[in-house]
């Protein structure tokens with residue numbers, strides 16, 4: 001059904017931009033992947049770090065508590081998650097935060113989620129806590145803010161451009177859901193951002209990510225706060241990184257619109273705006289510095305089972321440890337931010 005909707009739009013309006021295609025595949029109100037699919041966990045299409053182990057969310061919760069203390073322990077603040085999945089991460093954060101009652105008492109929880117199906121799952125996971133769902137970040141009240149986003153930005157729609165000898169051509173989707181190239185254009189912004197790209201190479205831009213970065217930067221700097229962003233990608237980079245995942249396997253992004261998760265690697269430099277304080281590292285290094293080994297030992301001692309496989313999946317270079325990166329943004333200097341190498 002969604003394939004036919006996309007084909008009809010292409011026939012009406014001409015070749016479709018990739019970001020529009022991704023938007024329809026992921027967020028169509030009836031047939032979009034996040035509206036009708038079951039993406040998370042072993043029975044879904046992919047497994048995120050919070051679903052792999054409670055250690056991930058617990059350590060992020062400790063990081064947030066430490067940043068709250070560094071900000072002067074405000075009596076009231078916004079605790080925000082972008083794209084909360086099934087609510088697992090926020091549930092783990094709030095559980096570990098019970099060790100700091102003033103943090104828990106002052107936190108007003110906001111979740112940015114557009115899927116009604118996922119909102120119901122998040123409400124169930126956080127049934128003991130008051131939640132406010134957001135349609136947009138601009139709706140947050142004026143208050144100190146602590147924000148976390150795990151595997152959120154990789155799902156935001158991208159555009160792709162190919163460098164040729166005369167300028168740039170945008171990748172588009174033509175009838176039959178086939179890739180095609182638009183007319184050659186001059187794009188000074190692309191020339192500036194990718195000055196050394198050779199002919200034939202692909203670059204990706206994410207206008208939605210850049211818009212989010214503007215809002216997050218303003219929130220953090222105007223109200224005092226910090227943001228923690230975890231995703232796969234790198235600080236800089238180029239190339240075609242668009243991928244589709246179904247049942248934990250890679251598939252053709254154009255094969256089954258709405259039936260597979262579409263993502264692209266995050267270019268973290270697009271999230272660093274206006275001279276904001278930031279720190280950047282790999283997920284493996286971040287979790288090691290936060291003490292994942294000690295947390296693993298404590299869980300094993302209390303439960304009598306091994307957590308070694310879970311830990312290794314989160315931190316090993318061959319698993320998630322190097323591919324996934326962690327970016328912290330703050331209104332304060334991050335030279336002593338927990339979890340980052342000094």
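Throughout, read-outs are computed from the coordinates displayed, never taken from laboratory work. Note that the structure is a prediction, hence the values are computed from the model and not measured. Glycine also receives a Cβ, built like all others from the backbone with ideal geometry; neighbour counts cover every protein chain displayed.
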(message) Could you check the spin-label model distance between residue 184 and residue 248? Points 7 Å from the Cα along Cα→Cβ, value in nm.
(response) 4.8
(request) Please determine, in degrees from 0 to 90 and to the nearest 10, the orientation of helix 292-303 with respect to the longest principal axis defined by the Cα atoms of the chain, where the helix direction is its Cα long axis. (result) 60
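Counting pairwise Cα distances across the chain, what percent come out greater than 28 angstrom?
Values: 25865 of 58311 pairs.
Here the tail beyond 28 Å accounts for 44 percent of pairs.
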(request) Using only Cα atoms, locate the centre of region 68-120 and the centre of region 163-241, then give the distance between them in Å, rounded to an integer. (result) 30
(message) How large are Rg and Dmax for region 9-168 when calculated on the C-alpha trace, in angstrom?
(response) 18.6, 61
(request) Assuming R0 = 51 Å, can you tell me the calculated FRET efficiency for the pair residue 316 and residue 165, based on Cβ-Cβ distance, to the nearest 0.05? (result) 0.75
(request) With runs of 4+ DSSP H residues as the only contributors, calculate the mean residue ellipticity of the chain at 222 nm using -39,500 (n - 2.57) per run, divided by the residue total and rounded to the nearest 500. (result) -10000 deg cm²/dmol
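Kirkwood Rh over Cα pairs of region 92-218 into Stokes-Einstein at 37 °C, 0.692 mPa s: D in µm²/s?
On the way: Rh = 18.4 Å.
Rounded, D is 178 µm²/s.
Between residue 234 and residue 5, take the C-beta separation as r, use R0 = 35 Å, and let me know the FRET efficiency to the nearest 0.05. Write down the numbers at each step before the final one.
Working: r = 34 Å, r/R0 = 0.98.
Efficiency, rounded to the nearest 0.05: 0.55.
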(message) Can you compute the FRET efficiency between residue 133 and residue 191 using 1/(1 + (r/R0)^6), with r the Cβ-Cβ distance and R0 = 41 Å? Round to the nearest 0.05.
(response) 0.50
(message) Cut-off 10 angstrom, C-alpha nodes, Gaussian network model of the chain. Which of 86, 305, 249 fluctuates the most?
(response) 305
